[in-house]
Amino acid sequence: MLRSTWSVRGLLTAGQISCTRSLHSKSTPFPNKLAFAFDIDGVLKQGHHNVLPQAKRVLKMLSGEDGRLTKPIPFLLITNGGGVPDEERRAALSSELGIQLTENQLVQSHTPIKEYVDKYRDKPVLVLGGKGESCRRVAESYGLKYPYIPQDIIAWKPSIWDRTELTDEERGFARPEDFSQIPFSAALMFHDSHDWGRDITLMLDLMSSHRGIFGTRREGHDRADVKGDVELVFSNADVEWRSDWPIPRLGQGAFRLSLESIYKSTTGLQLPYKQFGKPFKATYDFSELMLRRYLKEVGRDPEGELNVYMVGDNPLSDIDGANRHGWSSILVRTGVFHDTHGEVPSHKPTIIADDVEKGVEWAIQEELRKGNL
């Protein structure tokens, strides 16, 4: 084995290390069970179009394209973002990151929901979030035959939310029906809302409706012992996320908190819902399944315990979820989290690193130190 060296800039509290880039080896052998999982926003990218150069370098290294590894180290991307069909997002990310991602290397917020919502395949559902009708296309890619979006409802009855006037583009893709005759079985939020007032109103209407029909009110809608007819599913619990703006922006988690508060004020009840996305178990279980599928895809043993390092920028989703799932966790400073003024993360990571490249190089050096490489 060729020798690797590692330099440490300084020690922080609780064993957290801030490291400088200094992994020097011509090649390092492949560790059979080592794998990495990466968040996207704030880790590999900042905003929609700014790919961090450290991200490109580290993914090329893990892919075995820069000669530093004798064999690639498996990895996948786990994001609470979404709103685009998985195949389209995978193609776009492959182009941006300069690597070729396979179908088992990307988990968007709504990817784990695909199998869960199969029970609604032949039933009308309201799909919310995203730009235009992108989330309708996501639902259709998951096999749902009757996915409707808020613009369809507004085109049918503009008075249901008269604060919104459809654009010519929206009128072009809207599919108005007589929704007074269509019972909805679920409301599925696949991405951040672009119109909070409209979407909160429509969801409240459905949650209190009779048989999921707009314009009706269920008897006992404000009683805890009377079960509603519409399931509410969220794909992302992030209250904040990192965009091009220097201060974190509100995400789907903030929307859900707003909806919960209004539902409580109008009915006196707690909002019933199913939550996917990081840090929840369903998403990490699905992500581990995807990693094992990828191992099998590239001809490696998918069985046994995996040694996974999760690299993220959000303590509340990335770090909490990884810790709960028994993965090691690397918190980077390029996104939501900053410790410029001594801030302490709400969930303790295995290490804090300046960026994704330094974090991955630390992890590889740590495996070398343990004798796992």
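If you go through the range 272-283 one residue at a time, do you hit one that is within 28 Å of ALA155 (Cα to Cα), hydrophobic (A, V, I, L, M, F, W, C) and not in a loop (DSSP other than H, G, I, E, B)? For the range 272-283, residues within 28 Å of ALA155 (Cα to Cα), hydrophobic (A, V, I, L, M, F, W, C) and not in a loop (DSSP other than H, G, I, E, B): absent.
From the list SER329, SER258, which residue is small (Gly, Ala, Ser), over 18 Å from the mean Cα position of the chain (by Cα) and at pLDDT 95 or above? Don't jump to the end; show me each part of the working.
Working: SER329 fails: over 18 Å from the mean Cα position of the chain (by Cα).
The match here is SER258.
So, GLU305, is that one modelled with pLDDT under 95 and over 16 Å from the mean Cα position of the chain (by Cα) or not? When the stated conditions are applied, GLU305 passes them. Of everything in the range 213-237 that is at pLDDT below 95 and of a type in the set (A, V, I, L, M), the residue that is most open to solvent (accessible area, probe 1.4 Å) is ALA224. Elements of the type helices (runs of 4 or more DSSP H) sitting completely within the range 118-183 and holding at least 2 residues that are more than 26 Å from HIS210 (Cβ to Cβ) and open to solvent by 30 Å² or more (accessible area, probe 1.4 Å): these cover 134-141, 168-173. Across the range 19-45, the qualifying residues are those that are part of a strand (DSSP E or B) and over 15 Å from the mean Cα position of the chain (by Cα), and the one among them that is modelled with the highest pLDDT is PHE36.
When you look at SER94, is it assigned to a loop (DSSP other than H, G, I, E, B), at negative phi, polar (S, T, N, Q) and modelled with pLDDT of 95 or more, yes or no? Judged against the criteria, SER94 is not a match.
Which residue, of ALA224, ALA237, ALA187, is of a type outside the set (Lys, Arg) and either within 19 Å of SER159 (Cβ to Cβ) or not in a loop (DSSP other than H, G, I, E, B) (or both)? Outline the logic, then answer.
Working: ALA224 fails: either within 19 Å of SER159 (Cβ to Cβ) or not in a loop (DSSP other than H, G, I, E, B) (or both); ALA237 fails: either within 19 Å of SER159 (Cβ to Cβ) or not in a loop (DSSP other than H, G, I, E, B) (or both).
On inspection, the qualifying residue turns out to be ALA187.
The single condition from (1) over 17 Å from ILE364 (Cα atoms); (2) open to solvent by 10 Å² or more (accessible area, probe 1.4 Å); (3) free of Cβ contacts under 8 Å to residues at least 60 places away in the same chain; (4) in contact with a helix residue (DSSP H, G or I) (Cβ under 9 Å, 6 or more places away or on another chain) that GLU65 fails is (1).
Answer yes or no: is there a residue in the range 194-201 that is over 28 Å from PRO279 (Cβ atoms) and part of a loop (DSSP other than H, G, I, E, B).
To start, the set of residues in the range 194-201 that are over 28 Å from PRO279 (Cβ atoms) comprises 197-198, 201.
If we keep only those that are part of a loop (DSSP other than H, G, I, E, B) as well, we get none.
No: zero hits.
ALA254 fulfils the conditions (1) under 25 Å from PRO183 (Cα atoms); (2) aliphatic (A, V, I, L, M); (3) open to solvent by less than 30 Å² (accessible area, probe 1.4 Å) except for a single criterion, (1). Would you confirm whether any residue within the range 259-271 is among the charged types (D, E, K, R), open to solvent by 70 Å² or more (accessible area, probe 1.4 Å) and in contact (Cβ under 8 Å) with a residue 40 or more places away in the chain? No; the residues of the range 259-271 include none that is among the charged types (D, E, K, R), open to solvent by 70 Å² or more (accessible area, probe 1.4 Å) and in contact (Cβ under 8 Å) with a residue 40 or more places away in the chain. Of the residues examined, LEU289 is one that is within 17 Å of the chain's Cα centre (by Cα), loosely packed, with under 15 Cβ neighbours inside 10 Å and not in a loop (DSSP other than H, G, I, E, B). Considering the conditions (1) farther than 22 Å from GLY277 by Cβ; (2) open to solvent by less than 40 Å² (accessible area, probe 1.4 Å); (3) among the polar types (S, T, N, Q); (4) modelled with pLDDT under 95, THR70 is excluded by exactly one of them, (2). Within the range 238-247, being at pLDDT 85 or above and in contact with a Lys or Arg (Cβ under 7 Å, 6 or more places away or on another chain) holds for one residue alone: GLU240.
Of the candidates GLY81, GLY64, the single residue that is in a loop (DSSP other than H, G, I, E, B), modelled with pLDDT under 95 and under 13 Å from the mean Cα position of the chain (by Cα) is GLY81.
HIS210 fulfils the conditions (1) open to solvent by less than 60 Å² (accessible area, probe 1.4 Å); (2) not in a helix (DSSP H, G or I) except for a single criterion, (1).
The values are calculated or read from the model by the stated rules, or taken from the named source; none is laboratory data. Keep in mind the model is a prediction, meaning the values are calculated, not measured. Note that we place each Cβ from the backbone using ideal geometry, even for glycine, and neighbour counts take in every protein chain shown. Please note that ligands, DNA and RNA were not included when accessible areas were found on the heavy atoms of the full protein model with its side chains. Shrake-Rupley method; radii C 1.70, N 1.55, O 1.52, S 1.80 Å.
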